[in-house]
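No lab work stands behind these numbers, since they all come straight from the coordinates. The shown structure was predicted, so the numbers you read here are calculated from the model rather than taken from an experiment. Positions of Cβ are backbone-derived with ideal geometry, glycine not excepted, and every protein chain shown enters the neighbour counts.
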């Protein structure tokens, strides 16, 4: 992929991912304030509710994927499961176990998860399938 196309994809990723991340941050902040649940559980709920924003935006806009939905959806779900793990573990460790601010845990989640997602979405979920040369 040419450098200009890669920069354009990165900008689209940041726009879609930023929108999904902001929805996550808003939802987890509201959940931490209003729901009497551990921070890790609130984070999982918020992550799950923001997932459709991420899938639709990245499939249609960021990667403009030609792969069938039957291929991308399960791979996206696997990628999301990895993100779910981070979304649970980061606040569970930072806030519930260490007693640090839930805002710091949210910031850490909002930084780590998009980095991992870009790599997985680019290479595994929406990337062009590789055809073996004979």
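Quick notes
- Structure-based [θ]222 nm, the chain - -39500 (n - 2.57) summed over DSSP H runs of at least 4, per residue, nearest 500: -24500 deg cm²/dmol
- Computed over the stretch 1-126: relative contact order in percent, which uses C-alpha pairs under 8 Å that are six or more apart: 30
- Crossing angle, helix 3-34 versus the chain [Cα axis fit, 0-90 degrees, rounded to tens]: 20
- Estimated inter-spin distance, residue 41 and residue 12, nm [label 7 Å along Cα→Cβ]: 4.0
- On the beta carbon distance between residue 73 and residue 49, with R0 = 25 Å, the FRET formula returns roughly 0.90.
- Span from the the stretch 72-134 Cα centroid across to the the stretch 6-27 one, whole angstrom: 13
- Answer label, with Rg and Dmax of the Cα atoms in Å calculated from the coordinates and candidates (i) 15.6, 48; (ii) 16.0, 60; (iii) 13.6, 40: (ii)
- Rounded to 10°, Cα long-axis angle of helix 69-91 versus longest principal axis of the chain: 30
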